[in-house]
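The values are calculated or read from the model by the stated rules, or taken from the named source; none is laboratory data. Predicted model only: the values in this text are computed from it and were never measured. Cβ sites come from the backbone with ideal geometry, for glycine too, and all protein chains shown count toward neighbours. These area figures cover heavy atoms from the full protein model, side chains too; ligands, DNA and RNA do not enter into them. Shrake-Rupley method; radii C 1.70, N 1.55, O 1.52, S 1.80 Å.
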Amino acid sequence: MDQALSFRIEEIRFSERDMVLRLPFRFGAATVNACPQVFARARIRFADGSTSQGCAAEMMIPKWFDKNPALSNEDNFQQLRDALLAARAAYCADTSARTAWEHFAHHYEALLARGAVAGLNPLAASYGPALLDRAILDALLLKLGCSFAEGMSANAAGITLRGSGLAADLRDFDVGRFLSLQMPRKQIAARHTVGLADAITAADKRMQEPMDGLPTSLEAAITRYGHRHFKIKLSGDTEADMARLAAISHVLEGVAKVVTLDGNEQYADAKAFADFFAQLTAEPQLAPLLACTAFVEQPLRRDQALAQDVSALARHIPLLVDESDATLDAFVQAKARGYTGVSSKSCKGFYKSVINAARCAMWNQAAPGAPYFLSGEDLTMQAGLGVQQDLALVSWLGLAHVERNGHHYVNGLMAAPKDEQQNLLLAHDTLYEYSFDAVRLRIKCGQIALGSLDGPGFGTGQAGGHISWDAMRSVY
């Protein structure tokens, strides 16, 4: 694309839909049973007077963005609404015509500063622009009539780092060439999340099971979906984790191709995690599990993760930053401490994923054989806009697998009106299926087919994304 289109952001509207989980999702010290899903619509206006409307959606997961135990789930929801409102106010008050990237870049630092004044950490403050940037790009891509992969490879967003004041380490990197060389995947492996409250086998009764016909244990999920990739949550309680990992290892033996471990900030410092990892590697019955383990995600508390050197530990197992990846320069700081991986997570912003993917390419090119990598991680993305846009992103980035758990903890699109479900199924007949009275993500032999995401827009296919907007509450 010779020159990215500029436009003004004319209107942004939010709606919410309540989501009740079919199984409790326990990660770290939190257990989630219900939360809202927020939907955004953005209308943009071009120089010729024409307009286009795009949309996006994201779960409002409590106790992840801000894990302060003094805050209730409702407090966490309000923090995210505040971030959304701040981003809307900034984007809509700006009457300048800018490219999609320029709208993000122009407001990036100001929104972090405004969030800090309001008591929001950078991770929470970034939630607002992360959602809006997806809706805005969707509107642009629908105007151009191209898919996410086509638009990103042509740099329709107008990403330019030189002179932007952002990601200065990439100022001499040819970002345009990097974008043009991406090779989108036609399918991707779903890496199944094993939460801390999850049953491992059918005999492992931990809760009142839902009578919906869907899997309630790891063993049953493997049988239904054919998973070969897994993400296992750690609690930080060494004795409990060792016993649980032994049970999981027994189920995964001969099945698992890739395993990742997620510390969810449960270790106070590098020594605490090193002590646990030493016990883990010393246990013979866990050797098959460790042989499949690709990396460990965010073991240290975020206030320590970028303050302590983990290079010695990283020589034994690659380490990835997730919650600590709160700003655009966090991965650079993490690299200096010994981390080699970073998560791609839609709730942190797709521009951050692109920038960090570019860093991996630059660093690996400078040192052939270097281990820097991006991994697709989940925040309970739901069938519909959320999962479609996240899959469009990670497939374009060329990732071989991505964590998926929204389909396991939530009963597909059961909360959506029947016509919305049917419209999404018709538009994405290989991505979704109808089973057990609802449309849901289709996973066969552990893989997700991505062909339907080749349509126009950011995974939406058309303005409005087949969503029943009138069936949701619009309160802010």
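Here are the numbers for this structure:
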{"item": "Qualifying residue in region 157-167 (condition: more than 24 Å from I9 (Cα to Cα) and modelled with pLDDT of 95 or more)", "result": "yes"}
{"item": "Any chance G158 is closer than 30 Å to H407 by Cβ and either touching a Lys or Arg at 6+ places or on another chain (Cβ under 6 Å) or not aliphatic (A, V, I, L, M) (or both)", "result": "no"}
{"item": "First in region 154-173 and closer than 15 Å to R359 by Cβ and part of a helix (DSSP H, G or I), second anywhere and open to solvent by 10 Å² or more (accessible area, probe 1.4 Å) and not hydroxyl-bearing (S, T, Y), Cβ under 7 Å, 6 or more apart", "result": "D169/V332; L170/L161; L170/M362"}
{"item": "Matching option when the condition is in a loop (DSSP other than H, G, I, E, B) and either within 20 Å of R41 (Cα to Cα) or open to solvent by less than 20 Å² (accessible area, probe 1.4 Å) (or both), among G386, G412", "result": "G412"}
{"item": "Only one of M211, M242 that is under 26 Å from A29 (Cβ atoms) and more than 25 Å from the chain's Cα centre (by Cα)", "result": "M242"}
{"item": "Filter result (open to solvent by less than 10 Å² (accessible area, probe 1.4 Å) and closer than 13 Å to A30 by Cβ) within region 61-87", "result": "I61, P62, W64, F65, N76"}
{"item": "Residue that is nearest to A197 (Cα to Cα), among those in region 18-31 that are crowded, with 20+ Cβ neighbours inside 10 Å and in contact with a helix residue (DSSP H, G or I) (Cβ under 8 Å, 6 or more places away or on another chain)", "result": "F25"}
{"item": "Given (1) on the phi < 0 side of the Ramachandran plot; (2) in contact with a strand residue (DSSP E or B) (Cβ under 9 Å, 6 or more places away or on another chain), number of the condition G28 does not satisfy", "result": "(1)"}
{"item": "Filtered residues of region 368-377 (kept if in contact with a Ser or Thr (Cβ under 6 Å, 6 or more places away or on another chain) and in a loop (DSSP other than H, G, I, E, B))", "result": "P371, Y372, E377"}
{"item": "Selected residue (only one of A312, A294, A274, A256 is touching a Ser or Thr at 6+ places or on another chain (Cβ under 8 Å), among the hydrophobic types (A, V, I, L, M, F, W, C) and closer than 27 Å to S344 by Cα)", "result": "A294"}
{"item": "Qualifying residue in region 45-62 (condition: free of Cβ contacts under 8 Å to residues at least 12 places away in the same chain, acidic (D, E) and either out of contact with any helix residue (DSSP H, G or I) (no Cβ under 9 Å at 6 or more places or on another chain) or over 24 Å from V475 (Cα atoms) (or both))", "result": "yes"}
{"item": "Flag for R114 being in a helix (DSSP H, G or I) and either in contact (Cβ under 8 Å) with a residue 60 or more places away in the chain or open to solvent by less than 20 Å² (accessible area, probe 1.4 Å) (or both)", "result": "no"}
{"item": "Residues located in region 276-298, provided they are part of a loop (DSSP other than H, G, I, E, B) and open to solvent by less than 10 Å² (accessible area, probe 1.4 Å)", "result": "Q298"}
{"item": "Residue, most open to solvent (accessible area, probe 1.4 Å), within region 438-460, restricted to residues that are assigned to a loop (DSSP other than H, G, I, E, B) and farther than 10 Å from Q388 by Cα", "result": "C445"}
{"item": "First in region 122-143 and outside any helix (DSSP H, G or I), second anywhere and of a type in the set (F, W, Y), Cβ under 9 Å, 6 or more apart", "result": "S126/F65; S126/Y108"}
{"item": "Neighbours by Cβ (under 9 Å, 6+ apart or cross-chain): first from region 346-364, within 11 Å of S126 (Cα to Cα); second surrounded by fewer than 21 Cβ atoms within 10 Å (Cβ to Cβ) and of a type in the set (S, T, N, Q)", "result": "K352/T327"}
{"item": "Any hit, region 213-225, residues being of a type in the set (D, E, K, R) and over 30 Å from I355 (Cβ atoms)", "result": "yes"}
{"item": "Whichever residue in region 225-245 is charged (D, E, K, R) and farther than 25 Å from G406 by Cβ and, among such residues, is most open to solvent (accessible area, probe 1.4 Å)", "result": "E239"}
{"item": "Checklist (1) surrounded by 19 or more Cβ atoms within 10 Å (Cβ to Cβ); (2) without any contact (Cβ under 8 Å) to a residue 24 or more places away in the chain; (3) not small (G, A, S) applied to E433, failing item", "result": "(1)"}
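Table: residues versus (1) among the polar types (S, T, N, Q); (2) within 18 Å of the chain's Cα centre (by Cα); (3) within 18 Å of S346 (Cβ to Cβ).
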| position | (1), (2), (3) |
| --- | --- |
| A93 | no, no, no |
| F104 | no, no, yes |
| G115 | no, no, no |
| L132 | no, yes, yes |
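Table: residues versus (1) more than 21 Å from K63 (Cβ to Cβ); (2) touching a residue at least 12 places away in the same chain (Cβ under 8 Å); (3) of a type outside the set (V, I, T).
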site: A190; (1), (2), (3): yes, yes, yes
site: T193; (1), (2), (3): no, yes, no
site: E209; (1), (2), (3): yes, no, yes
site: H227; (1), (2), (3): yes, yes, yes
site: F230; (1), (2), (3): yes, yes, yes
site: M242; (1), (2), (3): yes, yes, yes
site: V255; (1), (2), (3): yes, yes, no
site: D269; (1), (2), (3): yes, yes, yes
site: P284; (1), (2), (3): yes, no, yes
